[in-house]
Structure formats: structure tokens, C-alpha cells
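See structure below.
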Amino acid sequence: MGDANELESISAFGTARATVKGTPLSAEEIKKYNDFFKASLYLSLGMIYLRQNPLLKEPLKKEHLKARLLGHFGSAPGQIFTYMHFNRLIIKYDLSALFISGPGHGAPAVLSQAYLEGTYSEVYPDKSEDEEGMQKFFKQFSFPGGIGSHATPETPGSIHEGGELGYSISHAFGAVFDHPNLIALTMVGDGEAETGPLATSWHSTKFLNPITDGAVLPVLHLNGYKINNPTVLARISHKELENLFLGYGYQPYFVEGDDVDSMHQAMAATLEHCVLEIRKYQKQARDSGKPFRPRWPAIILRTPKGWTGPRKIDDKYLEGYWRAHQVPITDVHENPDHLKLLEQWMRSYEPDRLFADGKISQDLKALCPAGNRRMSANPVANGGLLRKPLKMPDFREYALKVDKPAATMGSSMRNMAKFLRDVIALNTTTFRLFGPDETESNKLADVYQAGKKVWMGEYFEEDENGGNLAPAGRVMEMLSEHTCEGWLEGYILSGRHGLLNSYEPFIHVIDSMVNQHCKWIEKCLEVEWRNRAASLNILLTAVVWRQDHNGFTHQDPGFLDVVANKSPEVVRIYLPPDGNCLLSCMDHCLRSSNYVNVIVADKQEHLQYLPMEDAIVHCTKGVGIWPQFSTDHGDDPDIVMASCGDIATHESLAAIDLLLQHFPHLKIRCVNVVDLFKLISHVDHPHGLTDAEWTALFTADTPIIFNFHSYPWLVHRLSYKRPGAWRHLHVRGYKEKGNIDTPLELAIRNQTDRFSLAMDAIDRMTGGGGGHGGGVLGNRGAAAREALKNAQIKARTEAFENGVDPSFLKDWMWTREQSMQEAVPKLTG
């Protein structure tokens, strides 16, 4: 336990205590800032409580209140205080700045500023700066048919909702990368500061180049409490907190207290000191041409939660305590005394004087910047305004040569890396590649020819030997999926383009982040003034079927299930079967906007199936019959062998080969799916096939053996409405069976190997499948099935003995010339 002096030093109350000394404000300026502060606080309370009587021209009555009170007041005063004092510096130094609200659930803070700056009324003319407009502004907040209680996409100036906590710093750094004149003023809630993503994102300064990038000014807001608990950082000593930030590489500056007048001076002086420090470091680096990593400034602002509210209500603490976190007085409908107390509190902000004509005076308006210098109107926060299409090389020039289908091996990923290299080279300030220490492992190292990995830390001699590090690189790598994803989101939402590459099993670390981004862009589609931002592109590799060597922990393809749950308006999933299809998909995704695109492709060498022109046609359709591997010649097939995913396709084709070895006249239709959402009905997804299109490909009455990259239940879920699917669609995929295996053994465990698929097809054609083809083989499948089972057992045995799959299976290629073009008599049984 600390002594009395130590406890006093971490108190949120008292006359201002600050690291930076100074009195930059005159008495008249302090009066104006007091008035602006009061006006902002009044608006914040009005949003939470009022439905009518917005200026309290009548005594406050229950009928003036919203029936359901929602919102968060606790963090609003500190956010407002920071925002309005930074406005002074924007005007004084002509700064381009962005405000990021980490505790975005305190949306009344940023909404009040957008309204007072006039931006809100510009984008929503009915929320005008008068009594009628204010009433609508109040009523809509956290109200059915209105806006949410966070810094949602409807909020001018926001790129960060702040509902799910932890991403404010990474979003801020993403926004300032390649925006050399931008400062992202970023409020970090002390509750948010306890999250893992936020804790690791402090390291972002190790990747910030003062020549090419802007700056982030973090303000850690210690208001002491979360919903019902004290916050960790608000209850440690000054020295420990200072050392924490010194250890992170920042120079911390404290501003603490609740005495408003002295806090105005302290905050004004501290913010100005930090801005001048930022400009000094940038000038030094830019004048010398030598980037370096300074101790960037950070502010630690300690104010009471619910600052300026009643300290106690009925002997229960409110201001400076957890009760101020959300709706500060909750029972105003039932308790007349508390209703009167709320009215007294709101009138203490003098709405009758400050909003005499329904809006603030010109003197107070002059405290706000003008035009696009307003943080609520900065074009960076509506990144689509700044977004320019990427300069794209012709992906067809990177084509892998495919003379014969499934007869050529190649590394789809290594080849695609050459394409990405040239995308980077053509877009040196608007495209970055992000990843958690896996770019080299994922066979994308060719990108380093166009842009190294950004590194502002120290350098060792050995870094010259393949380190690929540079202060001004284009590849962003840190072993934190959260930070990389946050950087990418901030980068694209502020007008640029990018791609995240990751191991498939560990992309789950950012499930929730991607979920939140999907919600953000879906809501943006409903906001007329929001311009379309570049898509969030995710490349998944090191896939489940080639994680045999790493074992069970590295085997999880379930990210696709997470993405498939999101709105069809904003998500796309592509599983290109080979290198040329991968190029076509990547080109398409990088050109797109307002989507989350997920591409799944393995990084090892695999069979190549389609020449480039055929790959373009196939990817454009998203699903199609592959005649080169089919024998039905346009007739009714006996079996449909379908696949989705590069390795799943390989095994499915090998299964077709096995079936034809035993039954040369079998009518097999080979179908391949690239665009997973083709499986959904067109009624539910814009990419979905009609039932007529589905039937033309898969039929409505033929057994379908569908080999899928991920969990099989996803295909069933997407296609459950399809004609005949409930009876004839048999999906094989990963079933959570794994170990240290060979690739074939892993497939056998999950029944996605060629032997299992071929046996499954036989079972569906010997009377067990039902419908058309249900008895096409009769009992003649028994011998073939037995032979396949024996071969499968031998393959497993050899894998267990030698540690590798038999070479004749591992190196299998398609050698048949037979195709759909050849007429083969239909097998009649």
C-alpha cells in the first residue's frame, strides 16, 4: 500500500499537476474554453437524456426524457477537453489532424465536437445548429432508427468505432503511415489499455519513419474506472507508470487534476509542447534525410470519471467513481428528486446563455478550425475521398505455363510474389504488405526487391545477410496479428491499399477484429457521405493440409466459417485451385473496394491445372465444370466429383483417376469451385447461383462427392436450399482429426484423401446413394472398393514406417488423354 503522498500523487482531484509548466492562455481565453467545455458537456448529457425540451426552456419533466436511457458519459469530459485544446494548435500551426477515440463508447464527446464545429449539420442538414436541429440531434442518439452509442461510421471524422476495445493505437499508426503531415491525436482509455492488442500496439513507434510518416500523439486517459472496477494503470505509482512508457520508448508528460481553470493551462501547455516536439523530430529527420527513432511524446491525462458531475448522489459517489461510467443518474424516471438534480446539473452548464440562439456564439465558434482542418471534417477520416486506384501490372504476364493439365508442378505463392513485388514498386506510397513475421515463410520474399521490411530499431551487422530491413520499407512485420491487422485497417480506412498475409491456423487471433471491420464497412454502405474505401484483403497460406509437420495445433481452417457469417454485402471468399487462378483472384481483390476479401492458397509446390486464359474464365465464373477431367460428354453423369481448394482439388482429381482405372466407362463430371459464395442461393448473396445454374453444374439427382478445404459443415450450410442437396450432396473436409502426419495420412484421417473419396463415390453408386445413379455399379463396386481400401492401408503403413508418403502417390500427375470431348458409351450397369 502506498503512503499518503503517493496516493495524493495519483489522485484525479486537485489543482492541476503537470510535467510541462506554462500559462499559454490568457484569462479571456480560459473563459472561452470554459464556455466551450460547458457547451460540449451539455450536449453530451442531452444526447443521453433528452428527447424534447433541448434547451431546457421549460422545467425538466419526465416526458422530456427518453424512455430508455443509454450511453456513456464517464470518458466524455476528458475526451472533449483534449479535443478542444488540440483545436487551438491546429489553428496556430495549421495542422492536419485526426481524432481517434479509443473509448469510442463515449461517443457523446466526439459527436458534440462535430456538432459544434458545424460538420454534423453539413452532412446531416436536419441536425441544424438551432433548437429544432438540436432536438433531433439529441433524440437520434442511441435511439431506434437513430445512431449507435459509439463513434460509428455515421460519425464525421471517425475511422475507429471504439466499441470493441484495443485497436485505437494500431488504427492511428496505420492512418499516419505514408501521411507525413498528419497527426493522429489518439485517446486511449485506461480500461482499453488493459487489453492485449493495445498493450502490444505501443511498439508501433519502432516502425514509424519520421521522414515518410506522420505522427501519433497518444493520450492515455486515466479516469480511474471501468464499468465496475478500478483500472490497473490508474492505481500504480507515478514512477512505475513513467517507467512503463519510457520502456515502451515514449517520453510521457503528465496532466492531472480536476480544477478546471488550472487544467486548461496545463493541457494547453502540454499539448503545445508535444506538437513542437513532434515537428522538431520530423524537421530534423527530413532536413538531414536520416530517419531516426526519437522518444515520441505521450500524454498521461488523469481526470475524474464523469468530471464536472455531482461528486455524490445520496451519499453514493458518482464523479470520480465507476457509477459515472455509463448513464450517470439512472432512476430519473422514478425519482423526482434525482430528476431535479439532473436538471440542476444540466443547467449548471448554462445552456440558456451558451446557446442563446440555439447555437454557440461566433466567439466560441472561432475556437474551432475551419473547413477540412476540423478534425471532424478531415478527408483522411473519409478515406474513400483520397483513395486512388492502384497502378496494377498485367497479372497475365506472370502466368505459369500449363501445357497439360495436372502434369506440371509449380509454386503458386512464389510466382504470385513477383506480381505483388511489382504492385509495390508501382505504388510506393499507397500500398503496403502486412504480416506477423511470415512473409518469408509464406514464399513471398520476392517482394523485398521492391520494398524491404520497415525497421526503426537497432541494426546488427548480420542484418545485411538476408535481413531485408530498412527504415523506409513497404513490408510491415511484427509478431502480433492484432497490430498488423490494426495497421492495415487504419491504412485502408485513410485512403490507401494493402494486404495481410498470415498462416491460416493463427488468423483466428483476429477473428473479432475482422468481424468489427465487416460491421464497419457494412454500416458505411448506409452512410451517403462515406466514400468507398479499399478492400481489406487477407491471404491465408500455410494451410491445414500442409501443417502435417507442425501437428494438431496448427490445423484449423475455420476462419472461413467466421467470415461466412458476415453480411453478403461485404465479404468474399476465394479458394483458387492453382497459380494462375491465384493471380486472377489477387488482381480482382486488390482492385475492389468495401469488401473483406479472403484468399486461401497453399505456399508449397502443387500441380497446375489451367492456362492463364482458362484460369481467367474459371475465376470470372467462380465455379465451373472442368471438361479435361470429366468423362460425361454432356450426358447425365453417374457421379459428380466436386472440389474447392488447391489440395482438395488435387485429391479429388486423383480420386477420379482411381475410379477410371477401375471403371473406364464411368460418367464422371468434375466441378471446381473458386468463389465459395457461388454455393449460396442468389436470393441470399449477390454471387450465388440460381437453382437452374446449380442444377446445370451439379444436377439435382446425382450423388455429389464434394471435397472441401475447410470444415464440411460450411458447405452444407451454404447449399442447404439447393435442389437435391439434402440427399445427394456428400461433403468431405477437415473434421478436427490431426497429429504429426504426412500430408496423405492427414487427409486419410479426415477422409479427404483420394482413396476415401473414390470409395465414397463407389458407395453412392452401388445403391447406397439413392436417386439417379443409385445403383449404377450394383455389386461390381465391391472388388474395386476392396482394392482401394488395401492401397490406402499400405500407404498409411509406409508413412508410419518411413515418415514420408509413397513417392508414386506424392508425385501423382494426370496422365489421361480422355476428356469430355470423347464420346464414351454410357455405363448402364
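The values are calculated or read from the model by the stated rules, or taken from the named source; none is laboratory data. Quantities reported herein were computed from a predicted structural model and do not represent experimental measurements. Every residue, glycine as well, gets a Cβ built from its backbone with ideal geometry; the counts of neighbours run over all protein chains shown. Surface accessibility is based on the protein's heavy atoms, side chains included, excluding ligands, DNA and RNA. Shrake-Rupley method; radii C 1.70, N 1.55, O 1.52, S 1.80 Å.
What size of dipole, in debye to the nearest 20, comes out for the chain about its Cα centre when the only charges are +1 on Lys and Arg C-beta atoms and -1 on Asp and Glu C-beta atoms?
Values: 86 positive and 101 negative charges, 181 e Å.
Dipole size: approximately 880 debye.
With a cut-off of at most 14 other beta carbons within 10 Å, and DSSP calling the residue loop, which chymotrypsin sites (Phe, Trp or Tyr not before Pro) in region 705-734 qualify? Please list them.
Taking region 705-734 and a limit of 14 other Cβ atoms within 10 Å, the loop chymotrypsin sites (Phe, Trp or Tyr not before Pro) found are Tyr720.
What list of ³J(HN,Hα) couplings, whole Hz, do you get for region 241-255 from phi and the Karplus terms 6.51, -1.76, 1.60, once you set θ to phi - 60° and write x for glycine and proline?
Those phi angles translate into 5, 4, 5, 4, 6, 4, x, 6, x, 9, 9, x, 10, 8, 9 Hz.
According to a simple spin-label model (label point 7 Å from Cα along Cα-to-Cβ), what is the distance in nm between Val683 and Glu440?
According to this spin-label approximation, the distance is 5.3 nm.
Show the residues, 5+ positions off or on another chain, whose built amide H is closer than 5 Å to the amide H of Val216.
Answer set, sorted by chain and number: Ala184.
Considering Cα pairs under 8 angstrom that are at least six residues apart, work out the relative contact order of the chain and quote it in whole percent.
Relative contact order here is 11 percent.
How far is helix 481-493 tilted off the main Cα axis of the chain, in degrees rounded to 10, range 0 to 90?
70
Roughly how big is region 564-628's charge dipole about its Cα centre, with Cβ charges of +1 (Lys, Arg) and -1 (Asp, Glu), in debye to the nearest 20?
With only Lys, Arg, Asp and Glu charged at Cβ, the dipole is about 280 debye.
If amide hydrogens are placed 1.01 Å from N in the peptide plane, which non-local residues have theirs closer than 5 Å to the one on His606?
Gly410, Ser411, Ser412
I'd like the FRET efficiency for Asp635 and Thr428, computed as 1/(1 + (r/R0)^6) with the beta carbon distance as r and R0 of 45 Å, rounded to 0.05.
That pair, Asp635 with Thr428, gives E of 0.25.
Kirkwood Rh, the chain, all Cα pairs: how many Å?
Across the chain, the inverse of the average 1/r is 29.3 Å.
Across 10 Å bins from the origin, how do the percents of Cα pairs in region 524-575 run, short distances first?
18, 39, 25, 12, 5, 0
With axes computed from alpha carbons, what is the tilt in degrees of helix 107-117 against the longest principal axis of the chain, rounded to the nearest 10 within 0 to 90?
That works out to roughly 70 degrees.
Leaving out same-chain residues fewer than 8 places away, which aspartates and glutamates sit with a Cα under 17 Å from that of Lys519?
Within the straight-line cut-off, Lys519 pairs with Glu154, Glu161, Glu164, Glu485, Glu489, Asp511, Glu528, Asp561, Glu569.
Label-point separation (nm) for Ala67 and Trp529, each offset 7 Å from Cα along Cα-to-Cβ?
Placing both labels 7 Å beyond Cα along the Cβ direction yields 3.1 nm.
With a cut-off of at most 11 other beta carbons within 10 Å, and DSSP calling the residue loop, which GluC sites (Glu not before Pro) in region 158-220 qualify? Please list them.
Counting only loop positions with at most 11 other Cβ atoms within 10 Å, none of the GluC sites (Glu not before Pro) in region 158-220 qualifies.
Let me check something: with ligands and nucleic acids excluded, how do Val804, Val188 order by accessible area (1.4 Å probe), largest to smallest?
The ranking, largest first, comes out as Val804, Val188.
So how much slack lies between Tyr317 and Gln362, counting 0.36 nm per residue of separation and subtracting their Cα-Cα distance, in nm?
Taking 0.36 nm per residue and subtracting the Cα distance, the gain is 12.5 nm.
In region 476-537, carbon and sulfur make up what percent of the accessible area (probe 1.4 Å)?
50
What figure in square angstrom, to the nearest 10, would you give for the accessible area of Ser348 with a 1.4 Å probe?
Estimated to the nearest 10 Å², Ser348 gives 60 Å².
Sorted by mean Cβ packing within 10 Å, highest first, what order do the peptides 677-685, 624-632, 126-134 take? Write down the numbers at each step before the final one.
On the way: 677-685: 18.8, 624-632: 22.0, 126-134: 17.2.
Put in order of decreasing packing, that is 624-632, 677-685, 126-134.
In whole percent, and with a 1.4 Å probe on the protein chains, what portion of the accessible area of region 580-647 is carbon and sulfur?
Summing carbon and sulfur atoms, their accessible area is 48 percent of the total for region 580-647.
Taking all protein chains in place and a 1.4 Å probe, what share, in percent, of the accessible surface of region 376-436 do carbon and sulfur account for?
In region 376-436, the share of accessible area belonging to carbon and sulfur is 52 percent.
Run through the DSSP bridge list for the chain and note the antiparallel percent, rounded to the nearest 5. Walk me through the intermediate numbers first.
Working: 15 of 79 bridges.
Restricted to the chain, the bridges split so that about 20 percent are antiparallel.
Which residues among region 561-578 fall inside the zone where the amide N is under 15 Å from a point 7 Å beyond the Cα of Arg717, along Cα→Cβ?
Of the residues in region 561-578, 561-568, 571-573 have backbone N under 15 Å from the label point off Arg717.
Using each residue's phi in region 390-407, evaluate 6.51 cos²θ - 1.76 cosθ + 1.60 at θ = phi - 60° and report the 3J(HN,Hα) Karplus result to the nearest Hz, with x for Gly and Pro.
5, 7, 10, x, 6, 4, 5, 6, 9, 4, 7, 6, 10, 7, 10, x, 6, 10
List the residues whose amide H sits under 5 Å from the amide H of Lys226, counting only those 5 or more places along or on another chain, with H placed 1.01 Å from N in the peptide plane.
HN-HN under 5 Å from Lys226: Thr231.
Can you list the lysines whose alpha carbon sits under 16 Å from that of Lys667, skipping same-chain ones fewer than 8 residues off?
Within the straight-line cut-off, Lys667 pairs with Lys826.
So what's the angle, to the nearest 10 degrees on a 0 to 90 scale, between helix 612-621 and the longest Cα principal axis of the chain?
Here the helix axis deviates by roughly 60 degrees.
Starting from the coordinates of the alpha-carbon atoms of region 590-726, obtain the Kirkwood hydrodynamic radius over all distinct pairs and give the value in Å to one decimal.
Here the Kirkwood hydrodynamic radius works out to 15.8 Å.
Ignoring ligands, DNA and RNA, what accessible area per residue does the chain give at 1.4 Å, in Å²?
36
Taking the Cα centre of region 504-593 as origin and charging only Cβ (+1 Lys, Arg; -1 Asp, Glu), how large is the dipole, in debye to the nearest 20?
With only Lys, Arg, Asp and Glu charged at Cβ, the dipole is about 280 debye.
Binning at 5 Å from 0, report for region 579-622 what percent of all alpha-carbon pair distances ends up in each bin.
P(r) over region 579-622, rounded to whole percents: 5, 22, 28, 26, 14, 5, 1.
Return the sequence-ordered ³J(HN,Hα) values of region 733-744 in whole Hz as given by the Karplus equation 6.51 cos²θ - 1.76 cosθ + 1.60 applied to θ = phi - 60°, using x for Gly and Pro.
Going residue by residue, I get x, 5, 10, 6, 10, x, 5, 7, 10, 7, x, 5 Hz, with x marking Gly and Pro.
Taking every DSSP beta bridge with both residues inside region 585-734, roughly what % is antiparallel (nearest 5)?
Close to 15 percent.
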